[in-house]
Amino acid sequence: MEALENIWKKVQLELSNKLSAASYMVWINSLKPVCVKDNELIICAQSNVSRKKVEDEFLDSIKFILNSLGYNFNNVLVITEEEKEYFIDKEDVSSLLSSMVTPKKVHSSPFVARYTFENFVVGECNKMAFESAKFIASSPGANNGPSLNPFFIYSGVGLGKTHLLHAIGNEINKNLPELNVIYISTETLTNEYFNSLNKYSTDRDSYRNFREKYASADVLMVDDVQFLQKKGGLQEVFFHIFNDLYQAGKQIILSSDRPPKDINDIEDRLRSRFEWGLSTDMTTPGFDTRIAIIMKKMEKSPVKLTDDIIYYIAEKINTNIRELEGALNKIVMYAQLANKTPSLELAKEALKVDEIENGSSLDSNKIISAVCQYFRVESNEVISKKKNKEIVEARMIAVYLIRELLALPLITIGQLFGGRDHSTISYSIDKITSSLSNNKRLETQIKDIKSILNAK
Ligand code: ADP
Ligand code: MG
């Protein structure tokens with residue numbers, strides 16, 4: 001038996017011999033092995049920028065080294081911190097590897113350690129949500145009376161919903177460790193639900209186990225409940241889980257990208273239950289809060305930024321906190337690569353690249369429709385399960401471009417394409433990437449589609 005950490009250390013050692021010290025420190029040192037899933041080694045990068053860099057430049061070396069050390073993984077997948085939750089709760093390490101890798105849980109707590117109340121910067125935009133979350137963490141469920149159940153937080157993306165949910169989890173685990181706190185994203189809940197149904201023919205307990213897991217919660221947190229839309233079966237089950245927990249005085253905490261009344265395609269009885277307790281929203285942080293957030297994030301960084309840089313970032317990035325973090329990481333990464341102390345010039349340079357990479361207002365729909373326009377196929381076919389050659393080709397190229405241009409998580413891309421599995425998505429990307437090196441026609445096609453996108 002060999003621990004995954006050990007295997008990974010050997011790979012890092014080999015890479016450190018091959019690469020310059022700077023490259024190694026910036027790109028490789030911070031990579032962490034997550035788990036092995038279906039004989040696929042999953043490693044985690046700290047940011048999307050480093051994920052992409054590792055995929056583009058180091059993945060082949062990593063695979064080669066693993067092979068030469070005698071580890072025969074089918075594939076190596078690089079994910080980011082945010083995607084991790086989709087992988088770490090899956091323990092079914094393939095039998096082939098169980099003799100070689102210790103199937104060990106990477107996290108003992110399901111909560112991201114840095115998502116705490118202390119690390120959450122409070123401003124006008126999120127004060128209510130923060131105070132309520134703290135109060136609920138100190139006295140969850142029946143203790144706080146029925147009026148805070150469920151606690152429903154909504155906001156646009158990247159404004160701290162998941163952070164707050166994890167902060168509640170971390171706090172309760174610390175102060176009330178006897179309570180069973182369950183956090184689940186709606187995507188994972190959906191997968192578990194369908195898996196339990198699929199397994200039912202061979203394992204009669206699978207569905208009951210699924211129900212019982214959630215019935216045993218003292219605190220149940222479900223992230224991004226807008227994804228319950230159109231999932232009738234799951235809504236039905238969730239309705240019963242909700243009622244049982246509610247009646248037993250357990251705390252229910254939900255997040256969504258919109259208020260309950262705006263969640264369409266969901267049963268009325270479920271929507272009205274979402275409104276029973278306390279709903280609170282979070283909005284985009286103002287300038288002062290953005291400054292405070294940058295300062296907070298810089299506390300732990302080895303690189304220090306001067307005030308002019310901090311003001312520049314706070315002025316320029318006014319969308320959400322995830323993008324603020326991204327900008328910050330980018331500047332720090334740039335400085336480390338250039339081996340310089342960050343200056344305003346360097347900051348501007350780093351963020352300019354970001355603008356070009358992200359395009360003006362590119363989104364997955366635009367990419368899919370450009371691909372469809374180019375191949376003269378219908379977008380609903382591309383999203384469907386159809387297997388005609390031309391549809392499959394268009395689909396794979398659309399997947400590839402969405403990953404390349406938007407750097408969306410594999411899971412999210414899977415959802416855009418009719419709920420496909422992350423491994424299917426990863427397969428398409430690999431396939432296109434490897435064909436690109438020796439297929440001129442494909443190269444031209446991709447170039448043409450990109451120019452359609454640029455022209456828009
Ligand atoms: P959401 O779930 O709303 O899309 P997240 O909780 O994932 O957003 O937040 C995105 C990133 O921004 C996370 O890294 C999180 O730590 C950070 N973040 C969000 N809100 C705050 C805040 N108020 N203070 C500090 N960091 C924050
Ligand atoms: Mg979230």
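Read-outs: derived from the displayed coordinates by stated rules, not from any lab. The structure presented is a predicted model; accordingly, all values stated were derived computationally and were not measured. Every residue, glycine as well, gets a Cβ built from its backbone with ideal geometry; the counts of neighbours run over all protein chains shown.
Values for this structure:
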quantity: Formal net charge of residues neighbouring residue 299 (Cβ-Cβ distance under 14 Å; K, R +1; D, E -1); calculated: +3
quantity: Shape category assigned to the range 302-449 from the gyration tensor of Cα positions, a/c cut at 1.5; calculated: prolate
quantity: Of 161/300; 18/352; 18/447; 352/440, those spanning more than 25 Å from alpha-carbon to alpha-carbon; calculated: 18/352; 18/447; 352/440
quantity: Formal net charge of residues neighbouring residue 130 (Cβ-Cβ distance under 15 Å; K, R +1; D, E -1); calculated: -1
quantity: Efficiency of FRET between residue 135 and residue 32 - r from beta-carbon atoms, R0 51 angstrom, step 0.05; calculated: 0.90
quantity: Shape category assigned to the chain from the gyration tensor of Cα positions, a/c cut at 1.5; calculated: rounded
quantity: Two-site FRET efficiency, residue 211 against residue 267, from Cβ-Cβ distance with R₀ of 22 Å, rounded to 0.05; calculated: 0.75
quantity: Paramagnetic label zone (point 7 Å from Cα along Cα-to-C-beta, residue 81; backbone N under 13 Å) in the range 113-151; calculated: 113-116, 119-120
quantity: Relative contact order for the chain, counting Cα pairs under 8 Å that sit 6 or more residues apart, in percent; calculated: 13 percent
quantity: Residue 195-residue 349 FRET efficiency (beta carbon distance; Förster radius 45 Å; 0.05 resolution); calculated: 0.45
quantity: Two-site label geometry, residue 64 and residue 124: point separation in nm, points 7 Å out along Cα→Cβ; calculated: 5.7 nm
quantity: Extension gain (nm, one decimal) between residue 438 and residue 379, 0.36 nm per residue minus Cα-Cα; calculated: 18.5 nm
quantity: Separation of alpha-carbon centers, the range 274-293 and the range 377-456, rounded to whole Å; calculated: 36 Å
quantity: Computed lengthening from residue 296 to residue 325, 0.36 nm per intervening residue step minus Cα-Cα distance; calculated: 9.4 nm
quantity: Estimated 222 nm signal from helices in the chain, with DSSP H stretches of n ≥ 4 weighted -39500 (n - 2.57), rounded to 500; calculated: -16000 deg cm²/dmol
quantity: Cα gyration tensor, the range 13-92 - rounded (a/c under 1.5), prolate or oblate; calculated: oblate
quantity: Of all DSSP beta bridges in the chain, antiparallel share, percent nearest 5; calculated: 15 percent
quantity: Inter-label distance, nm, simple model (7 Å from Cα along the C-beta direction), residue 388/residue 369; calculated: 2.2 nm
quantity: Total formal charge among the other residues, if their Cβ is under 11 angstrom from that of residue 343, Lys/Arg +1 and Asp/Glu -1; calculated: -1
quantity: At least 24 Å along the helix axis (C-alpha) and Kyte average at least -1.0, DSSP helices within the chain; calculated: 321-338, 389-406
